[in-house]
Amino acid sequence: MTPFADPPAFPTLTWPAADGPQSVRWRSEAGVPPPKRVVLADDRTTADSAYRLACEGTALLWHGDFQNARQLLQAMTRRLERKPPKRATSPLDAFNQHRQAQSQRARTLGMLLIPLDADYTIPLRRAPDVRDACTEVYGAPAAHASAVSLRELLGLIGAHEWRKKGVEIPALGERIHPHYGVFSPVRGEYIDLVARTPLPSLQRAFDIGAGTGVLSAVLAKRGVRSIIATEQDPRALACAQENLARLGYADRVEIVHADLFPPGRASLVVCNPPWLPARPASPIEHAIYDHESRMLLGFLNGLAEHLEPGGEGWLILSDFAEHLGLRTRDDLLAAIDRAGLAVAGREDIRPRHPKASDPSDPLHAARAAEVTSLWRLKTR
């Protein structure tokens, strides 16, 4: 790893050295600023020492064996988990504590850093080849060396494997290949709802916030002749385009860059917004948290003017937020009413994911009670 001398136009990580401060490009897909205090660490660094420094806000730039760095990260994780959680007084309190613990975990474990050469090679012993995974996320190699948290790097590696392997979608009889930062359809309940609910028409549909393109693919498989799928995120646009082309639906599904709705009207407008009305802590969390219900309310308030006469809007939403105390059912029904819409019907499904039956999960009570619904909405 060769540091650079001239100040670049991107965030930099700086650490002291015998011949003066050294700097490399800082990478963080979560938008975390570079740590202000950095020390060099290697195979002699103990887990207790690393954990103490990380808790104090000091990052450790690793110069030892890569596999030892992975073991050190696991040891730091075990130390984090030793602290017993506080007793929550309500589901909302449990949710807030859970998010706080997640934030602390990410902050602490994110302090173990790995160097990357300009071509994304890791200049460490027993390091894996991560060049393809890094290129998928960071783009073509740049002219400078960089550093990234080991935790993020492992996430890139995992996402790369998921992208190659794909996620089996029974409703399609095919696999969907998620890109890094695009919500993966590992929870299939909402897909099953779209696959089984009677279609109001086969003429034209809009898929709002297409993500991987999985719902557009399901609609195309069911015979909808023309679909416009919208997305704002460049990674999601590329991901949906790739999946739909591979599945043979590119001639029936148009992918467009748009905030919510495309121009015009459709007989069916489908939207699966993020289910929790809370502020995302990082760009990647935008698929989970819908701050101030922006996407939910934007969909509801714009739906009527984008529906053909007799058409339906399908809102796919979990009641998880209701069980956590983040939103009430009355809030949702009032928003539907204010938008000039009426509920024509509802399809429900229970969760199948492992956390729903895991009593050790801090949000188990809410997860066990969760129901995901497809709300069939029409104009009044």
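What the table below lists for this structure:
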| read-out | value |
| --- | --- |
| Shape parameters for segment 166-379, alpha-carbon atoms, Rg then Dmax in Å | 16.2, 49 |
| ³J(HN,Hα) computed for each position of segment 85-94 - Karplus, 6.51 cos²θ - 1.76 cosθ + 1.60, integer Hz, glycine/proline x | x, 6, 6, 7, 8, 6, x, 5, 5, 4 |
| Considering only the chain, percent of DSSP beta bridges that pair antiparallel, nearest 5 | 45 |
| Cβ-placed point charges (K, R +1; D, E -1), dipole of the chain about Cα centre in debye, nearest 20 | 740 |
| For segment 1-129: span of alpha carbons on each principal axis (Å, largest first) | 53, 33, 29 |
| Alpha-carbon centroids, segment 241-280 and segment 33-104: separation in whole Å | 38 |
| Rounded to 5, the percent of DSSP beta bridges in segment 145-266 classed as antiparallel | 25 |
| Tensor-based shape of segment 141-280 (alpha-carbon gyration tensor, a/c under 1.5 rounded, otherwise prolate or oblate) | prolate |
| Nitroxide proxy distance, nm - points 7 Å out along Cα→Cβ at residue 291 and residue 87 | 3.6 |
| Estimated 222 nm signal from helices in the chain, with DSSP H stretches of n ≥ 4 weighted -39500 (n - 2.57), rounded to 500 | -10000 deg cm²/dmol |
| Computed lengthening from residue 78 to residue 118, 0.36 nm per intervening residue step minus Cα-Cα distance | 11.1 nm |
| Only Lys, Arg (+1) and Asp, Glu (-1) charged, at Cβ; segment 132-182 dipole about Cα centre in debye | 40 |
| GNM flexibility winner over the chain from 310, 64, 155 (Cα, springs under 10 Å) | 310 |
| Volume of the Cα convex hull of the chain, divided per residue and given in Å³ | 147 |
| Extension gain from residue 329 to residue 71, taking 0.36 nm per residue of separation minus the Cα-Cα distance | 88.3 nm |
| Burial ordering of 378, 164, fewest other beta-carbon atoms within 10 Å first | 164, 378 |
| Signed unit charges on C-beta, dipole axis of the chain, positive-most listed residue 205, 170, 216 | 170 |
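Read-outs: derived from the displayed coordinates by stated rules, not from any lab. Predicted model only: the values in this text are computed from it and were never measured. Every residue, glycine among them, receives a Cβ derived from its backbone with ideal geometry; neighbour counts consider all protein chains shown.
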